[in-house]
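Some notes on the structure that comes next.
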There are 2 protein chains.
Amino acid sequence: MNGIALNQLTASQARKLMAGGRLTARELVAASLSRIRDRDGDIRAWLAINQDALVEADRLDALPKDQHGRLHGLPIAVKDVFDTVGLPTTHNSPLYRGFHPAADAPAVELLRLEGAIIIGKTDTTEFAACGNDAATANPHDLSRTPGGSSAGSAAAVADFHVPLALATQTGGSTIRPASFCGIYGMKPSAGLVSREGVKLYSVSFDTVGWYGRSVEDLALMADVYGITEKLNEDRKSRDTLNIGVSFGPYRDKLEPESIAALEATATRLREGGHDVTFFDLPAKFEALDLYHRTILHREGAAAFRALARRFGSDLHKEFHHRVENRDNRTLSDWVTAIDRSAEAQMMFDEIASGFDAIIAPSAPGTAPPGRKPGDPLFNAMWTLLRVPCIHIPVSMANVAMPIGVTLTSMRYNDVALLASAAKIAPLLNT
Amino acid sequence: MNGIALNQLTASQARKLMAGGRLTARELVAASLSRIRDRDGDIRAWLAINQDALVEADRLDALPKDQHGRLHGLPIAVKDVFDTVGLPTTHNSPLYRGFHPAADAPAVELLRLEGAIIIGKTDTTEFAACGNDAATANPHDLSRTPGGSSAGSAAAVADFHVPLALATQTGGSTIRPASFCGIYGMKPSAGLVSREGVKLYSVSFDTVGWYGRSVEDLALMADVYGITEKLNEDRKSRDTLNIGVSFGPYRDKLEPESIAALEATATRLREGGHDVTFFDLPAKFEALDLYHRTILHREGAAAFRALARRFGSDLHKEFHHRVENRDNRTLSDWVTAIDRSAEAQMMFDEIASGFDAIIAPSAPGTAPPGRKPGDPLFNAMWTLLRVPCIHIPVSMANVAMPIGVTLTSMRYNDVALLASAAKIAPLLNT
């Protein structure tokens with residue numbers, strides 16, 4: 001295996017070794033469990049571990065090759081807001097301690113049907129929303145946050161516990177932890193993956209996402225979720241990409257590391273032979289973060305109403321704030337937010353149609369100290385615009401903590417964006 | 001009780017009698033169960049009956065008055081696409097026979113927390129989508145459909161099994177059965193009620209709705225779901241309503257009964273002293289039904305992917321058609337549908353802002369023979385526009401089967417629309 005420890009293989013590497021008969025699911029799962037045992041006292045990525053993982057691996061190893069799924073034998077982490085059979089689903093809420101759903105979320109079930117082994121459930125900001133923080137540490141500096149809400153899933157991939165993990169994004173919960181932890185992450189366009197059986201916060205924004213250690217691994221997951229159709233079947237893939245780079249509407253909120261990462265990205269892409277254009281988004285996009293919060297908080301009121309009624313003061317007060325609409329966003333504010341967001345979606349698609357990919361910051365800077373999930377300012381806009389986002393780490397010699405960039409494009413241009421990302425990643429993550 | 005049988009009371013009437021100590025929950029529930037026993041062999045509204053309903057009634061009867069909820073002791077039917085504890089949730093699918101979720105859907109939990117008694121689960125079109133039809137008969141003519149997908153919930157209210165019922169609407173699944181069965185129904189604006197724990201078909205359109213036997217009962221349910229905030233706090237309620245009447249963009253699909261009901265509505269409202277204006281919607285609204293189906297089928301592909309992968313040919317072929325995108329709606333078609341729908345939302349709000357309520361057909365005509373759910377053509381547009389809809393029966397001396405009209409308004413104008421409906425209903429349902 002070329003001297004790489006089993007737990008450091010990408011999913012695609014492991015898959016090839018298994019297909020060639022040079023690796024068993026048991027060996028891979030055992031390496032994953034061993035790494036977790038060694039490290040999770042420090043990292044605290046996991047809320048529950050699948051005690052049957054090795055049994056499942058043996059069952060998979062015994063299958064004839066023609067019954068191998070696309071994720072055959074691969075260990076996967078699942079954020080603890082997805083319903084899972086056989087593993088508790090707690091949403092990192094004391095109110096759901098020991099809760100056992102009766103069915104897998106479809107997004108989880110599809111992984112199992114493809115032969116993946118759910119290694120366990122990972123820590124998260126409570127209900128992937130607010131309230132209690134995840135206890136997880138950033139593997140690159142234990143005093144810092146891995147980012148949230150998908151804290152445990154990101155740390156588990158970054159710390160080589162598992163090659164793949166399921167996450168969600170409502171504001172910046174998939175992409176920001178990928179940036180803080182130095183891994184690959186993808187939030188597909190809205191509506192492509194079922195959100196059934198995933199704790200509800202915002203019906204407009206909640207999106208299933210995932211982590212891997214290569215673009216190839218992100219594409220493998222996309223394939224399992226049926227994301228295989230091109231937006232423009234006629235558009236030819238070219239060697240030279242036309243890339244737009246934008247600091248976005250909140251440039252004054254960027255720390256020097258993020259600006260440097262974006263500038264290094266532009267330089268390396270030009271050196272790699274691609275066309276790079278810096279551009280500004282329309283000034284009115286500055287309001288998108290406000291619109292995102294308005295829709296989020298109004299939809300959150302509906303999502304948490306029953307919990308608030310049932311648990312009273314046992315439920316974290318931040319959820320009561322949503323239900324009671326404490327920041328006083330009116331129904332008219334909500335309508336305005338919906339309509340201006342729809343217009344921005346059309347406007348952004350028009351802009352993005354001129355590029356193979358648009359590159360933007362993934363976070364204000366590197367992971368801050370503590371356990372707070374971090375600021376979603378540089379992600380929420382893309383979630384609101386319903387567009388695909390792929391995080392790619394950018395190697396920076398003078399930056400101690402991981403940093404990276406977001407690749408995005410028009411709505412439903414996921415397949416072409418993954419192809420562009422595969423070309424771009426080797427130039428940035430060197 | 002003024003000679004009205006207990007099972008024929010509206011929820012609001014029963015509530016007042018219980019508050020006055022003149023009726024117990026046990027008496028009301030016993031009347032409900034007795035009616036179901038007598039009638040459900042013919043009606044087939046129910047897939048499961050709560051065997052503990054009388055025990056729950058006794059527990060509620062023993063509570064001190066200050067612990068009575070807003071739905072204290074009221075028997076309620078729940079469509080079998082809502083997760084329920086203690087009652088199986090089958091979605092009328094053979095694949096979910098005997099399935100027991102571990103938690104109530106929040107929309108169900110809120111009813112229980114207010115003292116409602118879930119009498120049982122009602123039949124539905126499979127997954128509230130397509131596939132298997134409900135077996136339920138229309139109480140007004142057993143050879144005819146009650147409409148779908150909320151077939152059992154509508155029939156259970158119409159046949160006086162229960163005063164209230166939970167439904168859902170993705171196309172026309174709440175309003176059309178209300179029309180076919182001659183009861184009151186409400187689909188609130190999108191995003192006001194949690195859709196967690198409700199079988200997912202379309203994340204953009206799936207909406208929790210409900211049935212009652214008066215506008216007051218619909219408003220009671222809206223209150224429980226926190227729909228209490230006015231869109232325009234400044235707008236004064238006036239005695240004379242300004243009402244717009246529109247046949248909508250598909251007038252040529254209307255049967256004579258529906259046209260007559262709309263014309264009778266206009267006449268009676270004018271006689272009642274209200275201002276009535278007939279108007280046409282913009283011609284481009286004719287495309288909204290196509291856009292609805294495009295979004296629905298694309299989102300349905302994500303919703304049913306795991307079921308299709310797991311059950312293969314045991315899953316009804318119509319779900320495979322969604323997953324495989326058999327009608328070949330491209331990603332570009334999807335984007336077009338989203339954007340044109342957003343524009344239509346803004347346009348319709350502008351039109352609707354000139355009226356206290358807009359009145360339109362609820363269905364092409366009266367309930368057709370058979371068990372098919374019926375055509376959603378006159379409902380899907382409103383679901384897509386995210387606006388509130390209230391169905392009011394219209395008494396028509398020469399029409400054998402029930403018929404009625406839809407009241408609608410701007411997005412999030414639910415509270416004012418309920419107030420208008422309360423004034424309008426006595427003039428139409430005489």
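Here, each number is a calculation from the coordinates, and none is a lab measurement. Keep in mind the model is a prediction, meaning the values are calculated, not measured. Methodologically, a virtual Cβ is constructed for each residue, glycine included, from the backbone with ideal geometry; neighbour enumeration extends over all protein chains shown.
From the largest down, segment B:66-130 spans 44, 20, 16 angstrom on the principal axes of its Cα atoms. Judged by the mean number of other Cβ atoms found within 10 Å, the most tightly packed of the peptides B:239-245, B:332-338 leads the ranking B:332-338, B:239-245. Provide the net charge surrounding B:Ala14, with neighbours chosen by a C-beta distance below 15 Å and charges set as Lys +1, Arg +1, Asp -1, Glu -1. Net charge in that neighbourhood comes out at +2. When the chymotrypsin sites (Phe, Trp or Tyr not before Pro) in segment A:64-103 are filtered for DSSP coil states and for at most 16 other beta-carbon atoms within 10 Å of their beta-carbon, the remaining sites are A:Phe99.
Convex hull volume of the C-alpha atoms in segment B:235-298, normalised per residue: 125 Å³. For the peptides A:322-331, B:183-192, the ranking by mean Cβ contacts within 10 Å, running from highest to lowest, is B:183-192, A:322-331. Based on the Kirkwood approach, the hydrodynamic radius assigned to segment A:338-422 is 14.1 Å, with every pair of different Cα atoms included. Projecting the Cα atoms of A:His274, A:Leu296, A:Leu254 onto the charge dipole of segment A:162-319 (Cβ charges, centred on the Cα centre) puts A:Leu296 farthest toward the positive pole. Along the axis of the charge dipole computed for segment A:107-191 (Cβ charges of +1 for Lys and Arg, -1 for Asp and Glu, origin at the Cα centre), the listed residues A:Thr170, A:Ala156, A:Val108 are led at the positive end by A:Thr170.
What percent does the relative contact order of chain A come to when contacts are Cα pairs within less than 8 Å and at least six residues apart?
18
For the peptides B:356-365, A:53-62, the ranking by packing is B:356-365, A:53-62, with the highest mean count of neighbouring Cβ atoms within 10 Å listed first. The charge dipole of segment A:6-224, taken about its Cα centre with unit charges on the Cβ of Lys, Arg, Asp and Glu (plus for the first two, minus for the last two), comes to roughly 260 debye. Computed over chain A, the per-residue total of -39500 (n - 2.57) for DSSP H runs of n ≥ 4 gives a 222 nm mean residue ellipticity of -11500 deg cm²/dmol, rounded to 500. The other copies place their B:Asn398 label points at 8.8 nm from this one, listed shortest first, where each point is 7 Å from Cα along Cα→Cβ.
Exposure proxy shown here: for B:His161, B:His274, the number of other Cβ atoms within 10 Å sets the order, fewest to most, as B:His274, B:His161.
Label-point spacing for A:Phe279 across the identical copies (point 7 Å from Cα in the Cβ direction), in nm and ascending order: 3.9.
Charge dipole (Cα centre; +1 on Lys/Arg Cβ, -1 on Asp/Glu Cβ; no other charges) of the protein assembly as shown amounts to roughly 760 debye.
Name the helices (complete DSSP H segments) of chain A with a Cα length along the long axis of 18 Å or more and a Kyte-Doolittle mean of at least 0.5, or state none. Span-like helices, by this rule, are A:414-428. Projecting label points 7 angstrom from Cα along Cα→Cβ for B:Leu54 and A:Ile49 puts them 5.2 nm apart. Note on segment A:286-333: semi-axes of the ellipsoid equivalent to its C-alpha gyration tensor, largest first and rounded to whole Å, are 22, 9, 8.
Here the Kirkwood formula, the inverse mean of 1/r across different C-alpha pairs, assigns the protein assembly as shown a hydrodynamic radius of 27.9 Å. Among A:Lys121, B:Lys236, B:Lys423, sorting on how many other beta-carbon atoms sit within 10 Å of each Cβ, with the fewest leading, yields B:Lys236, B:Lys423, A:Lys121. In chain A, the DSSP beta bridges split such that about 65 percent are antiparallel, to the nearest 5. Across every direction, the projection of the convex hull enclosing the Cα atoms of segment B:278-386 has a mean area of 8.8 nm². Distance from the alpha carbon centroid of segment A:301-322 to that of segment A:233-289 works out to 40 angstrom.
If you take the Cα centroid of segment B:205-230 and the Cα centroid of segment A:1-46, the two points sit 52 Å apart. Give me the base-10 log of I(q)/I(0) for chain A at each q in 0.11 Å⁻¹, Debye formula, one uniform scatterer per Cα, rounded to two decimals. One equal scatterer on each Cα of chain A leads to -0.78. Around the Cα centre of chain A, unit charges on the Cβ atoms of Lys, Arg, Asp and Glu (plus for the first two, minus for the last two) sum to a dipole of about 440 debye. The relative contact order of segment B:6-224, computed from alpha carbon pairs under 8 Å that lie at least 6 residues apart in sequence, is 22 percent.
Take the cross-link list A:Lys187/A:Lys230; B:Lys187/B:Lys253; B:Lys187/B:Lys423; A:Lys372/B:Lys230 and give me the ones stretching past 27 Å between alpha-carbons.
Long pairs (Cα-Cα over 27 Å): A:Lys372/B:Lys230.
Computed over segment A:251-331, the Cα gyration tensor eigenvalues convert (square root of 5λ each) into semi-axes of 42, 15, 11 Å, ordered from largest to smallest. Counting only DSSP beta bridges whose two residues both lie in the protein assembly as shown, roughly 65 percent are antiparallel. Its residue count N fixes a reference of 2.2 N^0.38 Å for segment A:6-224, and the Cα radius of gyration divided by that reference is 0.92. For segment A:6-224, the antiparallel share of DSSP beta bridges with both residues in that region comes to about 60%.
Taking the charge dipole of the protein assembly as shown about its Cα centre, with +1 at Lys and Arg Cβ atoms and -1 at Asp and Glu Cβ atoms, the residue from A:Ala283, B:Ala344, A:Val405 reaching farthest to the positive side is A:Val405. Using a simple spin-label model with pseudo-atoms 7 Å out from Cα toward Cβ, B:Ala397 and A:Thr430 lie 8.9 nm apart.
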